[in-house]
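Take a look at this one; I'll ask things after.
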Amino acid sequence: AVMPTGIAGLDKALDGGLHAGLTVLGAVSSMGKTSLMLQMADTLASAGRNVLFITIEMSRMELIAKSAVRGTKERARPLLDGRLPEEKVRGLISAYRQKTGGRVELWEPDAPLTPAFLDEKVSAFCEQHESPVLFLDYLQLVAPARTGMTEKQTAAAVAMLKQLARRYDMPVVAASSLNREAYRPGSAEPGLSAFKESGSVEYSADLLLVLKYRTDADRENKTAPRHLALTILKNRFGATGESIPLDYEPEKELFRDGAAKAAPRTGRNKIR
């Protein structure tokens with residue numbers, strides 16, 4: 001089944017939404033990729049889908065705070081710092097869980113997350129529930145299977161996620177950092193080569209997305225909202241090359257469809 005993400009431009013470009021398979025979302029740090037994935041996860045849960053969100057970078061409570069304040073006048077940091085009245089905190093979290101039907105399981109590993117540990121956790125979840133949409137934040141923080149494997153740890157993580165997507169016929173969305181070149185001022189727009197361990201990511205991903213500033217001026221100004229674009233670099237299910245404009249309000253933890261028109265598709269070339 002195709003599963004709408006709630007990002008209208010992306011859903012249209014993907015002919016309805018996420019398909020079973022591996023999606024990799026790349027961006028430089030602090031661009032908002034965790035918030036974007038979390039917003040997608042909450043939208044899917046609100047529509048009745050089970051979600052398993054594995055967080056290695058942020059704490060479980062940080063993610064709950066991000067989700068709870070989205071679309072409200074509150075902010076995540078005061079909630080986390082205990083600067084909001086306890087009654088208001090309970091109300092925000094209760095409203096979030098009611099909206100998502102309690103279908104989002106946020107899992108913060110209590111030990112290094114090796115590919116085998118990842119397999120064990122997801123398999124145990126799928127034995128108890130209908131196959132979820134799986135989110136992982138993020139690829140480069142998956143631990144090596146054994147000491148000395150650091151050079152291939154991302155490749156091993158990608159291989160395991162691909163295997164899980166096939167075994168349980170589910171969409172898997174993993175965040176990825178980009179290589180150093182993508183951070184340099186005036187650097188070319190991130191492409192396939194910008195992904196760390198790009199060979200394994202480029203080859204294995206069914207859908208490869210990169211989140212970036214819409215223009216050089218947006219990168220320099222970093223205004224609020226941030227004017228971003230989500231570009232489809234690879235898509236086994238349809239066209240590549242489309243760039244979906246998004247406006248991101250970090251204070252509200254909210255992504256909206258951008259005002260600018262999306263770039264035209266480069267063609268209906270399908271990669272099989």
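I'm trying to understand the selection: among the residues of segment 56-88, which are in contact with a Leu (Cβ under 6 Å, 6 or more places away or on another chain) and over 28 Å from Gln140 (Cα atoms)?
Of everything in segment 56-88, just one residue is in contact with a Leu (Cβ under 6 Å, 6 or more places away or on another chain) and over 28 Å from Gln140 (Cα atoms), namely Pro78.
Among the residues of segment 234-272 satisfying the criterion of being hydrophobic (A, V, I, L, M, F, W, C) and out of contact with any helix residue (DSSP H, G or I) (no Cβ under 8 Å at 6 or more places or on another chain), which is modelled with the highest pLDDT?
So the residue we want is Phe237.
Between residues in segment 51-71 that are farther than 15 Å from Ser94 by Cα and residues that are open to solvent by 10 Å² or more (accessible area, probe 1.4 Å) and basic (Lys, Arg), which pairs lie under 7 Å by C-beta distance while being six or more apart or on different chains?
Taking only residues 6 or more apart or on different chains, the pairs are Val51/Arg103.
Quick check on segment 151-170. Is at least one of its residues open to solvent by 80 Å² or more (accessible area, probe 1.4 Å), more than 16 Å from the chain's Cα centre (by Cα) and modelled with pLDDT under 80?
There is at least one residue in segment 151-170 that is open to solvent by 80 Å² or more (accessible area, probe 1.4 Å), more than 16 Å from the chain's Cα centre (by Cα) and modelled with pLDDT under 80.
Test Glu181 against the stated conditions and say whether it is at pLDDT 75 or above, farther than 30 Å from Ala76 by Cα, among the charged types (D, E, K, R) and open to solvent by 60 Å² or more (accessible area, probe 1.4 Å).
So Glu181 does not fit the description; no.
When you look at Leu79, is it among the hydrophobic types (A, V, I, L, M, F, W, C), crowded, with 18+ Cβ neighbours inside 10 Å and in contact with a Phe, Trp or Tyr (Cβ under 8 Å, 6 or more places away or on another chain), yes or no?
It is false that Leu79 is among the hydrophobic types (A, V, I, L, M, F, W, C), crowded, with 18+ Cβ neighbours inside 10 Å and in contact with a Phe, Trp or Tyr (Cβ under 8 Å, 6 or more places away or on another chain).
Separate question: Among the residues of segment 232-248, count how many are assigned to a strand (DSSP E or B) and among the small types (Gly, Ala, Ser).
1
Surrounded by 23 or more Cβ atoms within 10 Å (Cβ to Cβ), within 25 Å of Lys162 (Cβ to Cβ), within 15 Å of the chain's Cα centre (by Cα) and touching a residue at least 12 places away in the same chain (Cβ under 8 Å): is that true of Leu14 in this structure? Even if it seems obvious, please write down each step before you answer.
Working: surrounded by 23 or more Cβ atoms within 10 Å (Cβ to Cβ): yes; within 25 Å of Lys162 (Cβ to Cβ): yes; within 15 Å of the chain's Cα centre (by Cα): no; touching a residue at least 12 places away in the same chain (Cβ under 8 Å): yes.
No; evaluated as a whole, the condition is false for this residue.
Within segment 27-62, track down each residue that is open to solvent by less than 40 Å² (accessible area, probe 1.4 Å) and hydroxyl-bearing (Ser, Thr, Tyr).
Thr34, Ser35, Thr55, Ser59
The values are calculated or read from the model by the stated rules, or taken from the named source; none is laboratory data. Everything quoted here is computed from the prediction, not taken from an experiment. FYI the Cβ positions are ideal-geometry reconstructions off the backbone, even for glycines, and counts take in every protein chain you see. The protein model used for the area step is the full one, side chains on, heavy atoms only, and it has no ligands, DNA or RNA in it. Shrake-Rupley method; radii C 1.70, N 1.55, O 1.52, S 1.80 Å.
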